[in-house]
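Reviewing the structure listed below.
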Amino acid sequence: MSKKVLVTGAAGYIGSHTLIELIESGAYEVIALDNFSNSTKQALERVKKITNSEFKVLETDLCNKEHCFSLLDKVGKIDVVIHFAALKAVGESVLNPLQYYTNNLVSLLNLLEYCKVNQITNFVFSSSCSIYGNADELPVTETSPIKKAESPYANTKQMGEEIIEHFLKSLPQHNAVILRYFNPVGAHLSGQLGEYPLGKPNNLVPIITQTAIGKNNLTVFGNDYDTRDGTCIRDYIHVSDIANAHVLATNFLLNNKNESQVSLFNLGTGNGVTVLEAITAFEKVAKLKLKYTLGARRAGDVVAVYANNNLAIKKLNWKIKYSINDMMLSAWKWQQTIENDGI
Ligand code: NAD
Ligand code: WQD
């Protein structure tokens, strides 16, 4: 019998791509949970179409403990929880910190309580490179110092990690993998699933693809940084590579590979790419010239951050499949699907 994996935030960008990888591994039955506050049901329909499979969908808010628990009680024994559900817009979190603390922390606390009561001993958590802030040393390793959070969003990730660590100390039979993503970008190679920002996107790649079709205007935030071309450096990583790491983390937990109760892994390619290099990669694969302006620095941006990913490669057996060109081409293909299908 295949193991049951509960995926929270399953209709979101990374959750939906992870459903595909879990289903295609052939080893897992997935249960998707989402309140659709930052996603649509259509994303799950697209996953079903791509994988040619059906799965249970629980529409509930993780902050609504009673409703959520009553739905979860009906699905039977869950083996692993992968917890993506969270609000993730850094700027919005500065404007509305209470919404971010409430949503991201109450949902985590409720889910951990459900795991405790129901002896679900395997937990995978979405964390972020934003917890490293302006790192003193590059590339950052899992033991690099955690800097004071620059935003309520980043703080919910730092606090989330700590909550999980304290939770595990109280329950020796429970285990967790914490995955710190760098900059997930791109779309499923089929061109049938990708990031669909509700409202105006904040992240570079959707802004690039929207600019290319004339629906947005790209401004490069600062070209006077101390980097090779003056623009900020990030570690862009294909969303399907990130998704695949969740299958490996699930295998890792179920095969009792955790050396301590909690394992931390950076998920990035290890390559720093500047904003101008990202634009050039896009122009190359899309075969067009992008119109953009060079503008002022964006408040809160770190100059450069990229991962040391040795641990994920060694311990999870993670293999990165996609290049920056693949990331840009798949994102571009998805932008065209959005246009053609009128999504
Ligand atoms: P997303 O917004 O596309 O997906 C999150 C999903 O969670 C959405 O479908 C949303 O409707 C759902 N959700 C939010 N609050 C919920 C609640 N209370 N109950 C039920 N569902 C709820 O975001 P994403 O890009 O897929 O990110 C997934 C996770 O990875 C998040 O925890 C995010 O903080 C983290 N992360 C994302 C990035 C990134 O750049 N995308 C980087 C690092 C970490
Ligand atoms: C990338 C680069 C911008 C838009 C954010 C979160 C982080 C994590 C990943 C969740 C930067 C530049 C961007 C634009 C630009 N998410 N840029 N013009 O800020 O690295 O990380 O997403 O955990 O926590 O902070 O990603 O895509 O916004 O920016 O020049 O219109 O592109 O300055 O150098 P960021 P991003």
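Exactly one residue out of G76, G15, G26, G9 is within 16 Å of ligand 2 (Cβ to nearest atom) and at positive phi: that is G9. Among the residues of segment 273-295, those that are closer than 18 Å to R234 by Cβ and either small (G, A, S) or not in a helix (DSSP H, G or I) (or both) comprise V273, T274, A278, A281, L290, Y292, L294, G295.
Residues in segment 165-201 that are over 30 Å from Q336 (Cβ atoms), more than 16 Å from ligand 2 (Cβ to nearest atom) and open to solvent by less than 10 Å² (accessible area, probe 1.4 Å): L168, H174, A176, V177. Of the residues in segment 245-258, how many are in contact with a Ser or Thr (Cβ under 9 Å, 6 or more places away or on another chain) and open to solvent by 40 Å² or more (accessible area, probe 1.4 Å)? Of the residues in that region, 2 qualify. For segment 8-22, a residue qualifies if it is farther than 12 Å from L193 by Cα, more than 9 Å from ligand 1 (Cβ to nearest atom) and open to solvent by less than 10 Å² (accessible area, probe 1.4 Å), and exactly one does: L22. Given the structure, is G270 closer than 22 Å to I178 by Cα, in a loop (DSSP other than H, G, I, E, B) and either open to solvent by 50 Å² or more (accessible area, probe 1.4 Å) or touching a strand residue (DSSP E or B) at 6+ places or on another chain (Cβ under 6 Å) (or both)? Yes: the conditions hold for G270.
Which members of segment 306-343 meet the condition of being open to solvent by 70 Å² or more (accessible area, probe 1.4 Å) and in a loop (DSSP other than H, G, I, E, B)? Of everything in segment 306-343, those that are open to solvent by 70 Å² or more (accessible area, probe 1.4 Å) and in a loop (DSSP other than H, G, I, E, B) turn out to be N317, K319, K321.
With respect to T121, determine if the residue is in contact with a His (Cβ under 6 Å, 6 or more places away or on another chain) and not aromatic (F, W, Y). Spelling it out, T121 is indeed in contact with a His (Cβ under 6 Å, 6 or more places away or on another chain) and not aromatic (F, W, Y). Each residue in segment 65-94 was checked for being near ligand 1 (Cβ under 8 Å from one of its atoms) and open to solvent by 50 Å² or more (accessible area, probe 1.4 Å), and 1 pass. Taken over segment 131-147, the residue count meeting the criterion of being open to solvent by 40 Å² or more (accessible area, probe 1.4 Å), closer than 22 Å to F84 by Cβ and not β-branched (V, I, T) is 0. There is at least one residue in segment 47-70 that is free of Cβ contacts under 8 Å to residues at least 24 places away in the same chain, of a type in the set (G, A, S) and on the phi < 0 side of the Ramachandran plot.
Would it be correct to say that A243 is within 24 Å of the chain's Cα centre (by Cα), over 17 Å from T141 (Cα atoms) and within 9 Å of ligand 2 (Cβ to nearest atom)? So A243 does not fit the description; no.
The values are calculated or read from the model by the stated rules, or taken from the named source; none is laboratory data. Owing to the predicted nature of the structure, the values given are computational and were not obtained by experimental measurement. Virtual Cβ from ideal backbone geometry, glycine too; neighbours counted across all protein chains shown. The area values use the complete protein model at the heavy-atom level, side chains included, leaving out ligands, DNA and RNA. Shrake-Rupley method; radii C 1.70, N 1.55, O 1.52, S 1.80 Å.
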